Amino acid sequence: MENQPAVRLRKIIHIDMDAFYASIEQRDNPEYKGKAIAVGGSPEGRGGVVATASYEARKFGVRSAMPSKTALQLCPDIIFVRPRFEVYKEVSGKIREIFHRYTDIIEPLSLDEAFLDVTEDKQNIGSAIEIATLIKQAIKDELDLTASAGVSVSKFVAKIASDMQKPDGLTFIGPSRIQSFMESLPVEKFFGVGKVTATKMKAMGLHTGADLKKLSEDELVKHFGKTGRFFYKIVRGQDDREVQPHRETKSVGAEDTFAYDLTTLEEMYTELDKLAVTVSKRLNHYTLKGRTITVKVKYSDFKIITRSQSFLHGVNDKDTIVMTAQQLLAAADMNNKKVRLLGISLSNFGEVIAREKRDPVQDQLKLF
């Protein structure tokens, strides 16, 4: 019988910066080093939300997306720092430049994390583990920041691996370990499993990947809908998703939660004007024009409404965005309404792919 050709496995790295915003603030402000800080909104008034907490704050249970008031209760000495997103974007760009030394197949997920496909790397290093080590060292030497890396043959496993030894960690999960790794993984770690789904799974006696593996694909679809098919494949290590260097952007927007409720249209129009400036800048940065403008409103009772208007041609200028947003808001009957959040987003980009203006089978021992 003829030998079957070996399947060529991908070499995927997931890089995740450690407490990115907080680490930059501690780097740039020596008085914050070694202290519990939270980047985000102040706890005063109705209170903001924590965007990122330093590891010193995390020891007290402070986490991202936590109300700032709760963070202050958990850690009375915590220091709240207003975010400097322009600085974070600049640093993120420098990190991306480091990635490009080794590969151009980069899929950014946010300012502080990305997938890299180094199956064929620019420097012919050949080892994904070595490349991840070099990237981590360059980030530390050049930017005085730390990153954690996960290395594997698929995006899902690489992403989970990058979180296993934080901060400043590097975890490799090779092909021979994936089956056992997936079986031991708690259901909460699976993509698409939030608190509600996790509770439902545990009520069914499903606590780990091994438990999920006992169910057929039809059973998983019956209980969890289309996501059940994903669970069926991923628990068996089947993840053939490619790293996408130019992911299609579905929408571009901005929103803001206010310290105190807005009660007049004049106040709301002022805030919409600020949001329109931000959204227009983002659209122009990615050379995008959207044909649908959507306004999001969250009332003081947390009820959310959205209103949209579509155009025949794409727009990205601030004046059109703010005028349309104000018209949509005025038509929503805001009399006697208290508003805690406003947002503007543009979508329906057609075939345009988001792009930054600046961006233009092997031996098992050598596989990683």
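The values are calculated or read from the model by the stated rules, or taken from the named source; none is laboratory data. Worth saying up front: this structure is predicted, and the values here are computed from it rather than measured. All Cβ positions, glycine included, derive from the backbone under ideal geometry; neighbour counts span all protein chains shown.
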Inset, instruction - For segment 292-302, state whether one or more residues are out of contact with any Lys or Arg (no Cβ under 8 Å at 6 or more places or on another chain), farther than 25 Å from Asp333 by Cβ and crowded, with 18+ Cβ neighbours inside 10 Å. - result: no
Inset, instruction - Identify, by number, the condition in (1) modelled with pLDDT of 90 or more; (2) exposed (fewer than 13 other Cβ atoms within 10 Å of the Cβ) that Gln326 doesn't meet. - result: (2)
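Could you check segment 38-55 and list, in sequence order, the residues that are in a loop (DSSP other than H, G, I, E, B) and on the phi < 0 side of the Ramachandran plot?
Here is the first cut: in segment 38-55, the residues in a loop (DSSP other than H, G, I, E, B) are 41-48, 54.
Scanning segment 38-55 gives Gly41, Ser42, Pro43, Glu44, Arg46, Gly48, Ser54.
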Inset, instruction - Spot the failing condition for Leu134; the list is (1) assigned by TED's automatic domain parsing to the domain that holds Lys59; (2) modelled with pLDDT under 95; (3) among the hydrophobic types (A, V, I, L, M, F, W, C), and only one is missed. - result: (2)
Inset, instruction - Taking the residues in segment 22-40 that are surrounded by 14 or more Cβ atoms within 10 Å (Cβ to Cβ), at pLDDT 95 or above and not hydrophobic (A, V, I, L, M, F, W, C) as candidates, determine which candidate is nearest to Cys75 (Cα to Cα). - result: Lys35
Inset, instruction - Tell me, yes or no, whether segment 165-180 has at least one residue that is among the acidic types (Asp, Glu) and outside any loop (DSSP other than H, G, I, E, B). - result: no
Inset, instruction - For segment 357-366, state whether one or more residues are modelled with pLDDT under 90, under 24 Å from the mean Cα position of the chain (by Cα), crowded, with 20+ Cβ neighbours inside 10 Å and not charged (D, E, K, R). - result: no
Inset, instruction - With the checklist (1) touching a His at 6+ places or on another chain (Cβ under 9 Å); (2) buried (at least 17 other Cβ atoms within 10 Å of the Cβ); (3) not aliphatic (A, V, I, L, M) in hand, flag the one item Phe258 doesn't pass. - result: (1)
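Mind listing whichever residues of segment 181-205 are assigned to a helix (DSSP H, G or I), under 15 Å from His223 (Cα atoms) and hydrophobic (A, V, I, L, M, F, W, C)?
Step one: list which residues in segment 181-205 are assigned to a helix (DSSP H, G or I), which gives 181-184, 187-189, 195-203.
From the residues that got through so far, the ones that are under 15 Å from His223 (Cα atoms) too are 187, 196-203.
Once the filter is applied, which keeps residues that are assigned to a helix (DSSP H, G or I), under 15 Å from His223 (Cα atoms) and hydrophobic (A, V, I, L, M, F, W, C), segment 181-205 yields Val187, Val196, Ala198, Met201, Ala203.
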